[in-house]
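J.: One structure, pasted below without further comment.
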Amino acid sequence: MSQAPIYTEYHPRWYRRRTSTYWWLRRPSYLAFILRELSSLFVVWFVVFTLLQIYALIQGAESYQRFLDWSKNPVVVIVNVIALFFVIFHSITWFQLAPQAMVVRMHGKRVPAAWIAGPNYAAWFLASVLVAWIVLSG
Amino acid sequence: MADTITLHVARYRPEAETEPTFQEFQAPCRKEWVVLDALNYIKDKVDGTLSFRWSCRMGICGSCGMTVNGEPKLTCATFLTDYAPGPIRVEPLRNFPVVRDLVIEMSDFMRKLVQVKPWIIRAEEKSLSEGEYLQTPEELDEYKQFSMCINCMLCYSACPVYSLDPHFVGPAAIALAQRYNMDSRDEGAGERMDLLSDHTGIWGCTFVGECTKACPKSVDPAAAIQRYKLKTAMEWFKSFIMPRGAR
């Protein structure tokens, strides 16, 4: 929609309230939304972290040991804990929203939201168990 | 007095003020009274200059939308007793210019409604002698939810995207476009696509979801927009892997 809403130009007496820069603090749901958007940065961080880890692994044992020492640095640990919190938040909110965007019909009726969110959570849980098993058993 | 409630009502008198102020009123707090009844009481008995829109008093016309204690509400469906002991803050809908007191200017919304072409579009009209366009109950169910919109604009008032970017087509207009796109009698989805697949259309929406929470008719505009995004992405994907003849 390229046409600008310019009609107020000729009505200087109409009162237009300016949107505050801090509009997202006005209600909890707006704040949750902004945190959800922000969580994508932490998803990026985990991707970068994993790529660095793979790169170090390719470079050899010494390089990998240096990577492990670096990741024991308290700052990196704190960043990772915060990132983990945001990535979990990101996943949960994503799965919560999925049923609203996806409409699946069976026998002419829309299936309940839990039937769409449920398998997503189950797949997430199974993938987490698999990763945990690989990491912990090695 | 225990049977009265205090209302802080936003007043804006452009001939005398440069910005809105609040005025305090007392109104009877009756069990069956809604905020609109209290406003009508004030206009009848206390201050006849108070301006606000209303018509049906039963959640059908969509005229009496206002901001009650910070939330977009139909004032005809918002009971005083739910806010007792008060006070209740009544303001005009957010995200629209205020003309006077609780009256907002809505021509931006009206223009957007028309732009999504909310009518049945046929590639070729049937002649009268061929009869009407038939539809099964299942086909009606496909879009019925999105046809319940009463254009009250509560969703625009709740939407932070619209408040930041007035060019955004907005929840109700996109839901209405979906109502026609999903109608089995309609063939105009392609005509609506260009406007809606723009960055001020469905892609402007960041799925805050507040429009759906504000909607008094359970239309769920957020779902309409996300489903449209999904469909557009699939169309793009189809045309990407099958450049010829996908559309």
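J.: Output the number of the condition that B:PRO166 fails; it satisfies all remaining conditions of (1) more than 10 Å from every other protein chain (Cβ to nearest Cβ); (2) out of contact with any Ser or Thr (no Cβ under 9 Å at 6 or more places or on another chain); (3) outside any helix (DSSP H, G or I).
T.: Exception for B:PRO166: condition (1).
J.: Among (1) outside any helix (DSSP H, G or I); (2) without any contact (Cβ under 8 Å) to a residue 60 or more places away in the chain; (3) over 21 Å from A:ARG27 (Cα atoms); (4) not aliphatic (A, V, I, L, M), which single condition is B:PHE237 missing?
T.: Of everything listed in (1) outside any helix (DSSP H, G or I); (2) without any contact (Cβ under 8 Å) to a residue 60 or more places away in the chain; (3) over 21 Å from A:ARG27 (Cα atoms); (4) not aliphatic (A, V, I, L, M), B:PHE237 misses just condition (1).
J.: Please note which helices (runs of 4 or more DSSP H) are completely contained in the range A:33-138 and include at least 2 residues that are closer than 23 Å to B:ALA233 by Cβ and of a type in the set (A, V, I, L, M).
T.: Where helices (runs of 4 or more DSSP H) fall fully within the range A:33-138 and carry at least 2 residues being closer than 23 Å to B:ALA233 by Cβ and of a type in the set (A, V, I, L, M), they are A:74-101, A:113-137.
J.: Filter the range A:10-27 for residues that are loosely packed, with under 12 Cβ neighbours inside 10 Å and within 11 Å of chain B (Cβ to nearest Cβ); which is modelled with the lowest pLDDT?
T.: The selected residue is A:PRO12.
J.: I would also like to ask the following. Just to check your reading of the model, which residue among B:THR232, B:THR206 is among the polar types (S, T, N, Q) and assigned to a loop (DSSP other than H, G, I, E, B)?
T.: Numbers: B:THR232 fails: assigned to a loop (DSSP other than H, G, I, E, B).
Of the residues listed, the single one that is among the polar types (S, T, N, Q) and assigned to a loop (DSSP other than H, G, I, E, B) is B:THR206.
J.: Further, regarding this structure: Condition (residue is in contact with a Ser or Thr (Cβ under 9 Å, 6 or more places away or on another chain) and of a type outside the set (Ser, Thr, Tyr)) applied to the range B:186-194: is it met by at least one residue? First the steps, then the outcome.
T.: Within the range B:186-194, the first condition is being in contact with a Ser or Thr (Cβ under 9 Å, 6 or more places away or on another chain), and the residues that meet it are B:193.
Applying the additional criterion that residues be of a type outside the set (Ser, Thr, Tyr) yields B:193.
The answer is yes; a qualifying residue exists.
J.: Within the range B:105-124, how many residues turn out to be under 30 Å from B:TYR12 (Cα atoms) and facing chain A (nearest Cβ under 9 Å)?
T.: Adding up the residues that qualify gives 5.
J.: For the range B:1-46, what are the residues that are under 20 Å from B:ARG94 (Cβ atoms) and among the small types (Gly, Ala, Ser)?
T.: B:ALA10
J.: Against the condition closer than 23 Å to B:SER218 by Cα and out of contact with any Pro (no Cβ under 6 Å at 6 or more places or on another chain), how does B:ARG94 come out, does it pass?
T.: Here the answer is yes, as B:ARG94 does meet what is asked.
J.: In addition: For the range B:80-114, give me the residue count where each residue is touching a Lys or Arg at 6+ places or on another chain (Cβ under 9 Å) and part of a helix (DSSP H, G or I).
T.: Of the residues in that region, 2 qualify.
J.: On to the next question. Please count how many residues of the range B:24-67 are buried (at least 16 other Cβ atoms within 10 Å of the Cβ), touching a residue at least 60 places away in the same chain (Cβ under 8 Å) and not in a loop (DSSP other than H, G, I, E, B).
T.: Looking only at that region, the number is 3.
J.: Where the second residue is assigned to a helix (DSSP H, G or I) and of a type outside the set (A, V, I, L, M) and the first is on the phi > 0 side of the Ramachandran plot and lies in the range B:157-173, which pairs have Cβ atoms under 8 Å and are six or more apart or on separate chains?
T.: Within 8 Å, the pairs are B:GLY170/B:PHE109; B:GLY170/B:LYS112; B:GLY170/B:CYS155; B:GLY170/B:TYR156; B:GLY170/B:TYR162.
J.: What number of residues within the range A:94-138 satisfy the criterion of being of a type in the set (A, V, I, L, M, F, W, C), farther than 24 Å from B:GLN145 by Cα and free of Cβ contacts under 8 Å to residues at least 24 places away in the same chain?
T.: So the count comes out to 13.
J.: Identify, by number, the condition in (1) within 16 Å of the chain's Cα centre (by Cα); (2) over 29 Å from A:HIS11 (Cβ atoms); (3) charged (D, E, K, R) that B:ASP44 doesn't meet.
T.: That leaves (1) as the condition not met.
J.: Here are some residues: B:SER184, B:SER157, B:SER147, B:SER127. Which one is buried (at least 23 other Cβ atoms within 10 Å of the Cβ), more than 11 Å from chain A (Cβ to nearest Cβ) and hydroxyl-bearing (Ser, Thr, Tyr)?
T.: One residue alone meets the criteria, B:SER157.
J.: Please go through (1) touching a residue at least 60 places away in the same chain (Cβ under 8 Å); (2) more than 13 Å from chain B (Cβ to nearest Cβ) for A:TRP70 and return the number of the only condition it doesn't satisfy.
T.: (1)
J.: I'd like to know if the range A:122-137 contains one or more residues that are closer than 30 Å to B:ARG227 by Cβ and either touching a helix residue (DSSP H, G or I) at 6+ places or on another chain (Cβ under 9 Å) or within 14 Å of chain B (Cβ to nearest Cβ) (or both).
T.: Yes, the conditions are met somewhere in the range A:122-137.
J.: Only one residue in A:ALA83, A:ALA98 is within 14 Å of another protein chain (Cβ to nearest Cβ), among the aliphatic types (A, V, I, L, M) and more than 30 Å from B:LEU93 (Cβ to Cβ). Which one?
T.: Values: A:ALA83 fails: within 14 Å of another protein chain (Cβ to nearest Cβ).
Sole residue among the options that is within 14 Å of another protein chain (Cβ to nearest Cβ), among the aliphatic types (A, V, I, L, M) and more than 30 Å from B:LEU93 (Cβ to Cβ): A:ALA98.
The values are calculated or read from the model by the stated rules, or taken from the named source; none is laboratory data. Keep in mind that what you see is a predicted model, and the values were worked out from it rather than measured. Because the Cβ atoms are built from the backbone with ideal geometry, glycine has one as well, and the counts that use them run over all protein chains shown.
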